[in-house]
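Asks: Supplied in structure tokens, the structure appears directly below.
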Amino acid sequence: MSIFPKFQFRSITHRLIFGCVIAALFIYSVSYWHMHQVVELGVVTWMTDVAQSRIDSVAVEVEGILRSIEEKTELIIYPEQSKEKNQFNITLFKKLQQQQSLIKAVAIGSLLTESKTIKPSQIFGLSTNIQGENVLMTESDITRLLNYCQNNFNVSLPFWSNPSANNPSNKSLIYCTSLGEEKVTQNLLAIELTLDWLEPLVTRKLNLEDKINHFSIGQPFVIDLATKQWLISPPETIQSLSWFSKHTTVPEFQSNKKENKNYGSSQIFTDSQGTLIFTILPRTSWAMGFAISEAQMKSFRQNYFFTIIASMVKDMALICLAIVVISRQTTRSLRALIVSTENITQGNLNTILPTTKSRDEVGRLTAAFHHMRDALKTHIKELQETTAAKQKMESELSIAAQIQRSMIPRIEVTDGSNQNYEISALFQPARLVGGDLYDFFSLGGDHKVTQSDRLCLIIGDVADKGVPAALLMAKTVSLIRTITKSTSTPKSILQTVNHELCIDNDECLFVTLFCAVLDLRTGILNYASGGHDAPLLLRDGNVHFLELETGPPLGLEEEAFFPEQEYFLKPKDLIVLYTDGITEAMNRKGELFSEERLIDAISHNLRYNPTKIIHTIQYFHQQFIQDASQSDDLTLLVLQYQPSNPFSQEINVLEWTITINNELTELERVKPQIGKILQRESLVIESIEDTQLIVEEVLVNIINYGYSKESRYSIDLQFQIRDQTLVITFQDSGRPFNPLTEIETPDLSMDDDERELGGFGFYLVRELVDYIDYTYHNDKNILTIYQTITKKM
């Protein structure tokens, strides 16, 4: 047992016996107070209830005897009064004696009411001698009886005397009543009753004994409260108690007036001396009951308490004996099972296990070992097959991981063909294959620049890990590589990829993606985000986030909008792109690495390059999580802008805005204004005329298709000159109209008469510009045109 580490039991039998003994001692010690309460409230209450019941029974019997004498006296007297006097007396006595053998003597005498004296000539009495014969009483005996009645004549008749009032040496009781109702004379009847029957009756009825311990409970007594005379005496130890003294402490014993007595039912009085259970007889004012001293009560409780303890010890001994017999019978099968189990632990699964037909725990345990052995055989076979399959799967996953890594650029890259940037990356999946992605590549397309002049940066995080995320990651990378052949702005790249991922995406899989395009000639960084975190910018020893207005993750909303923003990089500026596996990494305390710790880690490198930044982040990241397991993929992409001619960054970017009404007459005002501005910037006449034509054709389409003739709205034109590129942005609040999709390209192979009207003007615009982009945002059509311009030498 764990609570007794020093004891080593070699047998279940010993363990059970020891446990039972300890449990019994603990239970008995806890139950000690409760057992006292049980004895006090149960046994003692039972004893007092039995005593009260018996006292009430004896009281009823004694009262019945006295009441019987009264009733039968009345029934005999009145029918016989018509007879001659002496004959009446003899007949009365004989009938009373026949009815009650307890009657000792009967006396009759005439009482003169005025003088209250009895004349000898007017008395008569009979008694019973030792032989049981009726004999005439002597005059002195008759006078003794009648005088008692005469002396108490003022008491209401009939009444009972105090015990032995006429003869203290011989305990008896006198019943006095009248035989007539004459005013002058009145006949008295005195019946003397022996009390020899009282003690045997009380002793027999009130002999209360504990049948278990053969212990006499209490001492019966009968006392006359008027004279304090004992009719049945208890031992001296009881008689000496203050209950029975002249100054009694029992309220019912303090007065001998019957009207002050609580007659008829037993009562209990308890104090420091013990317990007194008694009742008072209404006819005689006797107190009859039990007296139990405190010493007797204590001995009584202790005997019962010791009896309970002895019974518990006996029961515990029997339980231990039963445990020995049952446990030895039970462990016989267990011992055989132990031998077989030891053979199984040594690898012998063909060992013979014991058989049992019992349905108890031992039988079920034996059956369970049979099932366990068979299950082990099956499990080992399946484990061998599973291990082989797992090894094959791990080999396939390893190949998949190699394929996945081959889809992204190698970890550390410095592009030797173009020294305008240095780039480094980290890709560390949480499993063999991961859901993060990154990519960087040069853009071509419709721009009249070399392929190496624009660099596309991609970083993303698929909302899952493992094989499903790796598949979505591969699909996303393939889409980006394909889409960037025809579109080259971050906004359009994200919109197209999002549209493709939303197709048949019933599982609602999505990916967060950040896309940036860097113009290596000018340092202009255009970027957009689909639910991805903003990158960090390191400039002149300071670290801060790029301002970013992100759209929703890709794959959820087919018509999602992705705002595009622009930032100008300076030489030596460094951009850190990362996934949430870096910032949300958690140590064993449940703390996150967080963006604040990422910024602190980067800030430790004032003299920095992409490779060192990645190593620094890796170091602080590992120091933070320590031995905590990696819960998400880790991806970093760090780029440093290093233009070959730093002075190329000092470019004058011209920007101005023109606002017109939606009327065709406004064209005559706008074209000269544009010409003057462009002439001041030394553009050749061919570029100026191309720009005027582009503006005219676009405004005509906006005014004709975007507004009704009655509507009056304004159209905003924004012009920017970036080196050899003119960027023209048209914004209007007309109805949504995308000229790239809604204006069909004219078929130039057809004659003018056969070809449908319209579309030729916007066709010329497409031919004159490098790139056109359209979006509808905040209830506005936004058309952006990139035109290559030539300046005068």
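Asks: Ser733: net charge of surrounding residues, Cβ under 10 Å, Lys/Arg +1, Asp/Glu -1, itself excluded? If you can, show how the numbers build up before the last one.
Replies: On the way: positive: Arg735, Lys780; negative: Asp716, Asp732, Asp779.
Combined, the nearby Lys, Arg, Asp and Glu give -1.
Asks: Given the pairs Lys205/Lys246; Lys171/Lys205; Lys570/Lys612; Lys475/Lys572, which are separated by over 24 angstrom at their Cα positions?
Replies: Values: Lys205/Lys246 28 Å; Lys171/Lys205 21 Å; Lys570/Lys612 20 Å; Lys475/Lys572 34 Å.
Among Lys205/Lys246; Lys171/Lys205; Lys570/Lys612; Lys475/Lys572, the Cα-Cα distance tops 24 Å for Lys205/Lys246; Lys475/Lys572.
Asks: Would you pull out the residues with amide H under 5 Å of Leu126's amide H, same chain only if 5 or more places away, H placed 1.01 Å from N?
Replies: Distant-sequence amide H within range of Leu126: Val106, Met137.
Asks: Please give the contour-minus-distance gain from Ala388 to Leu25: 0.36 nm per residue of separation, less the Cα-Cα distance, rounded to one decimal in nm. Provide the component values of the computation, followed by the final result.
Replies: Numbers: separation 363, 0.36 × 363 = 130.68 nm, distance 5.93 nm.
Full-extension gain reported as 124.8 nm.
Asks: Apply the Karplus parameterisation 6.51 cos²θ - 1.76 cosθ + 1.60, with θ equal to phi minus 60°, to every residue of segment 293-299 and state each ³J(HN,Hα) to the nearest whole Hz, in sequence, with x for glycine and proline.
Replies: Working through the residues one at a time gives 6, 5, 5, 5, 5, 5, 5 Hz.
Asks: Where does segment 516-619 land on Rg(C-alpha)/(2.2 N^0.38 Å)?
Replies: 1.19
Asks: Tell me, what is the FRET efficiency for Asn207 and Ser57 to the nearest 0.05, using R0 = 22 angstrom and their Cβ-Cβ distance as r? All intermediate terms of the calculation are to be shown ahead of the outcome.
Replies: Working: r = 13 Å, r/R0 = 0.58.
That pair, Asn207 with Ser57, gives E of 0.95.
Asks: Hey, another quick one. Determine the shape class of segment 416-641: with a ≥ b ≥ c the square roots of the Cα gyration tensor eigenvalues, call it rounded for a/c under 1.5, and otherwise prolate if a/b is greater than b/c, oblate otherwise.
Replies: oblate
Asks: Sort the following peptides by mean Cβ neighbour count (other Cβ atoms within 10 Å, averaged over residues), highest first: 378-390, 314-326.
Replies: 314-326, 378-390
Asks: Then there is this: For Met750, what accessible surface area do you get with a 1.4 Å probe? Give it in Å², rounded to 10.
Replies: We get 70 Å² for Met750.
Asks: For segment 310-354, go through all pairs of different Cα atoms, get the mean of 1/r, take its inverse, and jot down that Kirkwood value in Å.
Replies: 12.7 Å
Asks: Let me ask another. When only Cα pairs under 8 Å and 6 or more residues apart are kept, what is the percent relative contact order across segment 653-788?
Replies: Details: 190 pairs, mean separation 35.8, N = 136.
It rounds to 26 percent for segment 653-788.
Asks: Can I ask one more? Let me spell out the model: positive unit charges on the Cβ of Lys and Arg, negative unit charges on the Cβ of Asp and Glu, origin at the Cα centre of segment 653-788. What dipole size does that give, in debye rounded to 20?
Replies: Here segment 653-788 has a charge dipole of around 740 debye.
Asks: Now, a different point. Can you compute the FRET efficiency between Asn738 and Glu686 using 1/(1 + (r/R0)^6), with r the Cβ-Cβ distance and R0 = 35 Å? Round to the nearest 0.05. Let's see the in-between values first.
Replies: Details: r = 29 Å, r/R0 = 0.83.
E(calc), rounded to 0.05, equals 0.75.
Asks: Follow-up question, since we're still on this one. Please list 3J(HN,Hα) in residue order for segment 45-60, calculated via the Karplus relation 6.51 cos²θ - 1.76 cosθ + 1.60 where θ = phi - 60°; whole Hz, with x for glycine and proline.
Replies: Once θ is set to phi - 60°, the couplings for segment 45-60 become 4, 4, 4, 5, 5, 5, 4, 4, 4, 5, 4, 4, 5, 5, 4, 5 Hz.
The values are calculated or read from the model by the stated rules, or taken from the named source; none is laboratory data. Computed from a predicted structure; not experimentally measured. Counting neighbours? That spans all protein chains shown, and the Cβs are built from the backbone with ideal geometry, glycine included. With ligands, DNA and RNA removed, areas are computed over all heavy atoms of the protein, side chains included. Shrake-Rupley method; radii C 1.70, N 1.55, O 1.52, S 1.80 Å.
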